[in-house]
Amino acid sequence: MTLSVIGAGHRGGDAYGDYCLRHPEHARVVAVAEPDDRRRAEFADLHGIPAERQYATWEELLAAGRLSDGLVVSSPDLVRQGPVVGGARLGYGLLVEKPFAPDEAQLDAMVAEIARTDALVGVAHVLRYTSFYATLKELVEQGTIGRLVHLDQTEDIGYWHFAHSYVRGSWRKAADATPMLLAKSCHDLDIITWLVGLDCTHVESTGSLTHFRPEQAPDGAPERCTDGCPAASTCPFYAPRLYLDRLADHHQLPVTAVTREPGRAARLEALRSGPYGRCVYRSDNDVVDHQTVTLTFAGGVLATLRTAAFTASNTRTIRLLGSHGEISGRLDTGEIEVRRFLPAPGQEIGTWHPWDRDALGRSGPRDDETWTVNAGPVDDPDLEGRPGRRASDGHAGGDDGLMREFVERLRLRREGAAVSMPTHVRDAERSHRIAFAAERSRREGRTVEMSA
């Protein structure tokens, strides 16, 4: 399948474009739109894109007509509507980076145009394509823990990651991107609604910008870490320690966001002049640094989402509580523990079998049933003997899973089949409307009732 890419940054270039480089038998990129001259040239060189198919803007690429089977839209958060609507009208199959739309007005317009054109559109909710969340979905649908009653999802945004992206980086101001909940955790809202499988009726949210504020700055802290900060040895957010020392031998994100020039001297100069060298307490950030969302679904099912910057962990965890058992899991290890309150005599539950019944160290008689499933990422067998990264490196394998699915759907569509993506626009619409409602709830201090 042939693809055109709008936005050759981390997602368009390093995730989706990289998949094509590792799997040229599945897909190849034939056109690119990218405003950064250097990034555009590097991407075009990697993919062998001729000069006449290299564009500075998405408008220029779409003006050239339909150039490929699929169009990957990985432009900045606020630049979604134009590429998506234009691509749908040209007949492209579309893969759209999250968040799908930055506000409700654009969401309404995009959904209407996609319905009118009957375009094939997939939204990059990549967590559905991980073996971890796919296993959870299977366990829930099999009735392993009875009727689902409550779900707790947490997204731990490592303190260094939050400082990089949401205090110093591109998503630090809601007006320039989207609210933190939508930018970072629309994945989580999608997973929650997918696992519950019911309509959300009420949304309530609280959260604020608590720590990364001027009044929390250490005494004498300057505007930039490179200006001689007296708290350099005790501040966990001291930029030179992260980008120059801890990541000295790292040459991908987050370093490439600071500068694409190699070498310590180039990094130091970027910290002295660019946003990533600013004191985290003296930046112009305004997005929340911790937030909790409570969702009520039809039938009384409750779900909570907690996300925060104040953790050394950088992963997701989940608990699912059911009428006859419970499930807990951690994405980065892939470990899922299932505990049924009573075993099912003579009943095999799916393909998962009890293992290590005493793993929790309990003693005495037991009448429940506990086992562990490892649903962690695995190497892509198609890559055996080839250089490059593992398939698991992007969102626990979700990036590659999404691309495989998108390319396969494009192939079926070209053969005349009526197909849609598992992460359809209707799914993005549902989770995005919950995110917008959560922001209203947080700002106005009230519970928001969702429209039927």
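With 0.36 nm allotted per residue and the present C-alpha distance subtracted, the residue 341-residue 446 stretch has 34.1 nm of extension available. Between residue 117 and residue 201, the C-beta separation translates, for a Förster distance of 35 Å, into a calculated FRET efficiency of about 0.65. Label sites at residue 149 and residue 208, each approximated as a point 7 angstrom past Cα along Cα to Cβ, lie 3.4 nm apart. Estimated at the nearest 10 Å², the accessible area of residue 173 is 50 Å² with a 1.4 Å probe. With the Kirkwood sum run over all distinct C-alpha pairs, the stretch 130-230 has a hydrodynamic radius of 17.1 Å. When the alpha-carbon atoms of the stretch 1-140 are used, the pair Rg, Dmax equals 15.2, 50 angstrom. Put the Cα centre of the stretch 145-174 next to the Cα centre of the stretch 248-311 and the gap is 10 Å.
For the stretch 69-112, backbone nitrogen atoms closer than 12 Å to the point 7 Å from residue 424 Cα along Cα-to-C-beta are found at no residue. Taking a ≥ b ≥ c as the square roots of the eigenvalues of the Cα gyration tensor, the stretch 81-191 is oblate, since a/c reaches 1.5 or more and a/b is not larger than b/c. 3J(HN,Hα) along the stretch 134-147, derived from phi through the Karplus expression 6.51 cos²θ - 1.76 cosθ + 1.60 where θ = phi - 60°, amounts to 5, 5, 4, 4, 5, 4, 5, 5, 6, x, 4, 10, x, 7 Hz, with x in place of Gly and Pro. Solvent exposure of the stretch 48-91, expressed per residue, is 41 Å² of accessible area, with all protein chains present and a 1.4 angstrom probe.
A simple rule links phi to the HN-Hα coupling: the Karplus curve 6.51 cos²θ - 1.76 cosθ + 1.60 with θ = phi - 60°, which for the stretch 167-172 gives 10, 9, x, 5, 10, 7 Hz, with x for Gly and Pro.
Using θ = phi - 60° in the Karplus curve 6.51 cos²θ - 1.76 cosθ + 1.60, the 3J(HN,Hα) couplings for the stretch 201-207 round to 9, 9, 10, 9, 8, 9, x Hz; x is entered for Gly and Pro. Estimated purely from DSSP H runs of n ≥ 4, each contributing -39500 (n - 2.57), the mean residue ellipticity at 222 nm for the chain is -8500 deg cm²/dmol once divided by its residues.
Considering only protein heavy atoms, what per residue accessible area in square angstrom results for the stretch 215-294 with a 1.4 angstrom probe? Let's see the in-between values first.
Numbers: 4070 Å² over 80 residues.
Result: 51 Å² per residue.
Gain on full extension, evaluated as 0.36 nm per residue between residue 273 and residue 63 minus their Cα-Cα distance, stands at 71.9 nm.
Quick one: with all protein chains in place, what share of the accessible area of the chain is carbon or sulfur, to the nearest percent (1.4 Å probe)?
Values: 9800 of 19760 Å².
Its accessible area is 50 percent carbon and sulfur atoms.
Placing a pseudo-label 7 Å from each Cα along the Cα-to-Cβ vector at residue 298 and residue 414 gives an inter-label distance of 3.9 nm.
For the stretch 109-156, how big is Rg over Rh, using alpha carbon atoms and the Kirkwood form of Rh?
Working: Rg = 16.0 Å, Rh = 13.9 Å.
Radius of gyration over Kirkwood radius for the stretch 109-156 works out to 1.15.
For the stretch 168-326, the average shadow cast by the Cα convex hull is 11.8 nm², which is a quarter of the hull's surface. Compared with the alpha-carbon gap, the fully stretched path from residue 264 to residue 232 is longer by 9.7 nm at 0.36 nm per residue. List the residues, sorted by chain then number, that are 5 or more residues from residue 95 or on another chain and whose placed amide H is less than 5 Å from its amide H. Those qualifying (amide H under 5 Å, at least 5 residues apart or on another chain) are 71, 72, 73, 122.
What's the FRET efficiency of residue 134 with residue 38 using the Cβ-Cβ distance as r and R₀ = 35 Å, to the nearest 0.05?
After rounding to 0.05, the efficiency reads 0.40.
For residue 219 and residue 284, a Förster radius of 22 Å and the Cβ-Cβ distance give a FRET efficiency of 0.55, rounded to the nearest 0.05. With each label modelled as a point 7 angstrom along the Cα→C-beta vector, the residue 324-residue 245 pair spans 5.6 nm.
The values are calculated or read from the model by the stated rules, or taken from the named source; none is laboratory data. Only a predicted model underlies this, so the values are computations on that prediction, with no experimental measurement involved. Neighbour counts are summed over all protein chains in view; Cβ atoms, including those assigned to glycine, are modelled from backbone coordinates with ideal geometry. Just so you know, the surface numbers come from the protein's heavy atoms only, side chains and all, with ligands and any DNA or RNA stripped out. Shrake-Rupley method; radii C 1.70, N 1.55, O 1.52, S 1.80 Å.
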